[in-house]
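Step one of this worksheet: look at the structure below.
The values are calculated or read from the model by the stated rules, or taken from the named source; none is laboratory data. Bear in mind that the values here come from a model prediction, so they are computed numbers and not experimental data. All Cβ positions, even for glycine, are placed from backbone atoms using ideal geometry, and neighbour counts span all protein chains on display.
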Amino acid sequence: MQMFQGSQLFTAEVGGRTLAIESGLLAPQAGGAVTVRYGDTVLLATAVMSKDVRAGINFFPLTVEFEERLYAAGRIPGSFFRREGRPSEQAILMSRLVDRPLRPLFPKGMRNEVQVIITAIATDGQNLMDPLAIIAASAALAISDIPWNGPIAGTTVGFVDGEFVVNPTADQMEHSSLALVAAGTDDNILMVEAGAHELPEDLVLEALKLAHETNRVVIAAINELRAALGKEKAEPSIFLPPAEVQQGVADLASAKVAAILEQGLGKVEINAALDAVKAEVKEAFAARVTEGEMTAAEVDDSYEALLKKLTRKRILEKGIRPDGRTTTQIRPISVQVGNLPRVHGSGLFMRGETHVLTIATLGTPGDAQRLDSLLPGDEKRYMHHYNFPPFSTGEATPMRGPKRREIGHGALAERALVSVIPEDFPYTLRLVSEVLSSNGSTSMGSVCGSTLALMDAGVPITAPVSGIAMGLIQDMDSGEYQILSDIQGMEDALGDMDFKVAGSEHGITALQMDLKIKGLDFEILRRALDQAREGRMYIMGKMLEVLPNARESMSEFAPRILTHHMDPEKIGKLIGPGGKTVRGLQEQFGVKIDIEENGTVYISGEGLNAERALADVQRMTEDIEVGKIYTGAVVRVEPYGAFVNIMPGVDGMVHISQLADYRVDKVEDIANLGDELTAMVIDVDPGGKVRMSRQAVLEGWSVEEARSRDRGSRPAGGRNGGDRGRGGDRRDNRSGDRGGDRRR
């Protein structure tokens with residue numbers, strides 16, 4: 001399976017297929033570089049660490065980039081420039097997926113810049129890249145000179161026909177009720193991203209255990225690679241405040257911080273009080289900072305470390321949180337719906353100081369988002385966008401479009417709700433969640449607000465969905481821990497876990513878990529899921545008190561869509577040459593018509609016009625039925641008969657001998673252009689030519705009797721096919737009418 005001569009190959013059997021990791025040839029100047037192949041999907045991952053540290057930074061500057069190259073699928077980008085531009089949303093989500101399990105394993109206080117780049121260089125469209133990207137990044141870091149406490153691996157688990165599937169293909173995922181990606185070390189799970197069709201907690205937990213066991217197989221292969229090719233690790237630049245600075249800050253501020261934590265204040269009040277103490281600390285150490293005995297950053301970090309220590313200690317020992325809640329207590333909830341005029345649906349969800357307003361917009365199928373990426377799917381008819389403006393936290397910062405976090409939170413809310421949208425619901429849906437005030441758990445507030453907005457818009461969701469963010473405070477030495485329900489911003493920043501759970505009363509629809517520690521015991525995970533369910537059900541009860549069910553009718557401002565299912569073979573007939581037929585219908589009735597490959601037709605517009613357009617589409621696409629009576633206008637007159645338009649694009653011929661219940665000498669005596677004629681279809685030949693009889697209607701004949709009395713033998717013709725040329729008409733007349741007359 002080796003791809004490049006000169007590289008070394010390491011393999012593992014995963015999900016019934018061979019996973020191959022190669023290194024030694026590509027990107028030799030990177031700190032670490034590998035290619036990972038699974039089926040015919042190949043990713044190249046590189047990892048590089050800077051030698052110098054940027055001045056003034058107080059965080060670890062890790063960046064992960066997932067680069068889509070459409071040549072990987074044999075495609076040319078559809079943009080004007082015909083080259084890849086800014087990352088797609090799918091690429092950004094992939095970058096976040098890889099970043100999250102890597103980050104906790106770097107040394108604490110590390111300040112060297114690390115960049116991991118994963119490039120998709122080949123794809124078969126079947127083997128999903130999510131777990132491969134995690135594996136590739138892990139392997140590149142493992143063999144690099146970058147200090148890192150890996151390796152890790154990632155596995156996707158599906159649930160198809162009642163069975164778990166490891167690393168399902170894209171085709172299998174179409175029928176899977178679970179899409180779970182879990183990354184972790186040899187010991188524990190570190191990160192989870194999942195969407196599900198209302199699956200119970202115990203089944204999801206089993207999927208996580210299966211993913212963990214599979215990860216261990218891949219990690220063993222990465223360890224072999226590291227043993228053979230791993231470089232000596234470099235010494236990173238570590239920034240940790242000296243012990244004497246930490247002690248000095250603690251002596252000065254511990255009692256004041258502890259007293260503030262005891263008051264159970266809200267976000268604004270507690271932040272103001274803590275900032276005042278921090279200002280006192282900085283003032284107390286200002287002279288020593290000026291003299292160079294310590295740095296301002298060391299003082300700041302010492303204060304933040306003290307705040308974290310005291311907050312965590314109080315939660316562990318007393319089970320009391322900074323705002324005075326117990327570990328399972330949910331913040332006060334308030335809900336409003338339908339407040340905005342003109343919009344199709346709206347829901348305002350307020351939980352403590354987190355307020356999210358979601359607006360639902362219903363569009364036509366043609367409003368679906370077109371995708372141009374390497375990941376499965378070419379369009380989306382359900383979109384969720386999340387906005388986090390700076391005023392939501394009382395700040396003033398530049399607004400330059402959605403950041404990665406906003407894209408990620410929107411995708412999470414989308415995943416939480418997409419499974420409860422009926423498959424036959426014909427509308428394109430766009431939900432926009434505006435965070436108006438934030439104190440943690442805004443993504444789950446978006447889920448709750450979106451359920452309300454959908455119900456307010458009259459969308460017949462199969463079940464309401466609520467969401468909750470869970471936290472964890474754990475003492476790694478003693479093993480003591482507390483699981484927190486409905487975490488706020490401070491608990492997210494100072495805690496060990498951010499575990500978001502969304503679902504209906506029937507089960508889970510979405511999960512997202514990130515850890516700041518090096519793993520999570522499955523028993524803690526089980527308890528967190530059970531506690532999350534209790535919280536979700538409480539929150540949902542508050543929502544349903546305000547709006548128990550979806551509204552029976554949609555907003556008057558939403559478009560009306562009628563649906564028709566036709567034989568896919570007839571799509572060409574409906575579209576017409578160069579789209580002429582469908583454009584004509586749209587212009588005639590003032591509607592919009594969208595046609596899908598499976599033969600589903602969506603007609604959107606005002607009620608009466610849409611119904612008229614639907615009637616024409618039905619007539620145009622239905623099969624011509626022998627023995628059925630049709631009424632239509634005469635569109636062509638020939639000496640041997642008249643052609644009647646019986647449905648759009650289809651004409652039937654009524655021979656002169658079948659025009660009346662008496663002998664007709666001249667066609668124009670009965671039928672002229674524009675006249676309306678009623679006749680029975682008595683034959684449709686294999687070429688689609690239609691032959692009709694008016695006399696059969698007048699006499700009440702059966703099809704067989706009408707055929708026996710039909711003296712014309714010209715094959716039926718019409719706009720739907722056949723020879724309509726003048727020469728062909730003459731030939732039919734000679735061979736049919738005259739021959740018949742001679743026999744008589």
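Candidates are the residues of the stretch 236-251 that are of a type in the set (Gly, Ala, Ser) and assigned to a helix (DSSP H, G or I); the one that is farthest from the chain's Cα centre (by Cα) is Gly248. Within the stretch 577-630, take every residue that is among the acidic types (Asp, Glu), modelled with pLDDT under 90 and over 22 Å from Ser555 (Cα atoms) and give me the one that is farthest from the chain's Cα centre (by Cα). Among those that are among the acidic types (Asp, Glu), modelled with pLDDT under 90 and over 22 Å from Ser555 (Cα atoms), it is Glu625.
Anything in the stretch 262-276 that is modelled with pLDDT of 95 or more and buried (at least 19 other Cβ atoms within 10 Å of the Cβ)? List them, or say none. The one that is modelled with pLDDT of 95 or more and buried (at least 19 other Cβ atoms within 10 Å of the Cβ): Leu274. In the stretch 406-442, the qualifying residues are those that are farther than 18 Å from Gly345 by Cα and over 15 Å from the mean Cα position of the chain (by Cα), and the one that is surrounded by the most Cβ atoms within 10 Å (Cβ to Cβ) is Ser441.
Remark: pairs (first residue in the stretch 21-50, farther than 17 Å from Glu113 by Cβ; second residue charged (D, E, K, R) and surrounded by 23 or more Cβ atoms within 10 Å (Cβ to Cβ); Cβ separation under 7 Å; 6+ apart in sequence or on different chains) = Val34/Glu22; Thr35/Glu22. All of Pro365, Pro376 fail the test of being in contact with a strand residue (DSSP E or B) (Cβ under 9 Å, 6 or more places away or on another chain) and surrounded by 14 or more Cβ atoms within 10 Å (Cβ to Cβ), apart from Pro365. Within the stretch 473-489, restricting attention to residues that are of a type in the set (Gly, Ala, Ser) and closer than 20 Å to Gly445 by Cα, the residue that is surrounded by the most Cβ atoms within 10 Å (Cβ to Cβ) is Ser485.
With respect to the conditions (1) in a strand (DSSP E or B); (2) among the aliphatic types (A, V, I, L, M); (3) more than 21 Å from Thr442 (Cα to Cα), Ala550 falls short on a single one, namely (1). Looking at the stretch 363-377 only, could you name the residues that are free of Cβ contacts under 8 Å to residues at least 60 places away in the same chain and within 17 Å of Met94 (Cα to Cα)? Residue satisfying the conditions is Gly377 alone.
Screening the candidates Met470, Met476, Met490 for the property of being within 17 Å of Ala416 (Cα to Cα) and out of contact with any His (no Cβ under 8 Å at 6 or more places or on another chain) yields one hit, Met470. If you check Ala91, Ala20, which single one turns out to be more than 20 Å from Ala234 (Cα to Cα), among the small types (Gly, Ala, Ser), assigned to a strand (DSSP E or B) and in contact with a strand residue (DSSP E or B) (Cβ under 8 Å, 6 or more places away or on another chain)? Selected residue: Ala20, the only one of Ala91, Ala20 that is more than 20 Å from Ala234 (Cα to Cα), among the small types (Gly, Ala, Ser), assigned to a strand (DSSP E or B) and in contact with a strand residue (DSSP E or B) (Cβ under 8 Å, 6 or more places away or on another chain). Ser392 falls short on exactly one of the conditions (1) assigned to a loop (DSSP other than H, G, I, E, B); (2) of a type in the set (Gly, Ala, Ser); (3) more than 22 Å from the chain's Cα centre (by Cα), and that condition is (1).
Between Thr123, Thr63, Thr119, the distinction of being buried (at least 22 other Cβ atoms within 10 Å of the Cβ) and either modelled with pLDDT of 90 or more or touching a strand residue (DSSP E or B) at 6+ places or on another chain (Cβ under 7 Å) (or both) belongs to Thr123 only. Summed over the stretch 139-157, the residues that are crowded, with 19+ Cβ neighbours inside 10 Å and in contact with a helix residue (DSSP H, G or I) (Cβ under 6 Å, 6 or more places away or on another chain) give a count of 12.
If you check Glu198, Glu224, Glu193 for being in contact (Cβ under 8 Å) with a residue 60 or more places away in the chain, in contact with a Ser or Thr (Cβ under 8 Å, 6 or more places away or on another chain) and among the acidic types (Asp, Glu), only one passes: Glu198. Quick check on the stretch 264-317: of everything there that is touching a residue at least 24 places away in the same chain (Cβ under 8 Å) and of a type in the set (Val, Ile, Thr), which residue is farthest from Val249 (Cα to Cα)? Out of the qualifying residues, it is Val268. Inspect the stretch 350-364 for any residue being over 19 Å from Ile461 (Cβ atoms), hydrophobic (A, V, I, L, M, F, W, C) and either in the same structural domain as Gln172 (by TED's automatic domain parsing) or part of a loop (DSSP other than H, G, I, E, B) (or both) and give the result as yes or no. Scanning the stretch 350-364 turns up no residue that is over 19 Å from Ile461 (Cβ atoms), hydrophobic (A, V, I, L, M, F, W, C) and either in the same structural domain as Gln172 (by TED's automatic domain parsing) or part of a loop (DSSP other than H, G, I, E, B) (or both). For the stretch 193-235, give me each residue that is of a type in the set (Gly, Ala, Ser) and in a strand (DSSP E or B). Ala194, Gly195, Ala196, listed by residue number.
To keep it simple, each residue is scored yes or no on (1) under 19 Å from Ile539 (Cα atoms); (2) hydroxyl-bearing (Ser, Thr, Tyr); (3) in contact (Cβ under 8 Å) with a residue 24 or more places away in the chain.
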site	(1), (2), (3)
Gly445	yes, no, yes
Ser466	yes, yes, yes
Gly479	no, no, no
Gln488	yes, no, yes
Phe499	yes, no, yes
Thr509	yes, yes, yes
Gly519	no, no, yes
Ala528	yes, no, yes
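When Val249 is tested against (1) farther than 27 Å from Val181 by Cα; (2) surrounded by fewer than 19 Cβ atoms within 10 Å (Cβ to Cβ), only condition (2) is not met.
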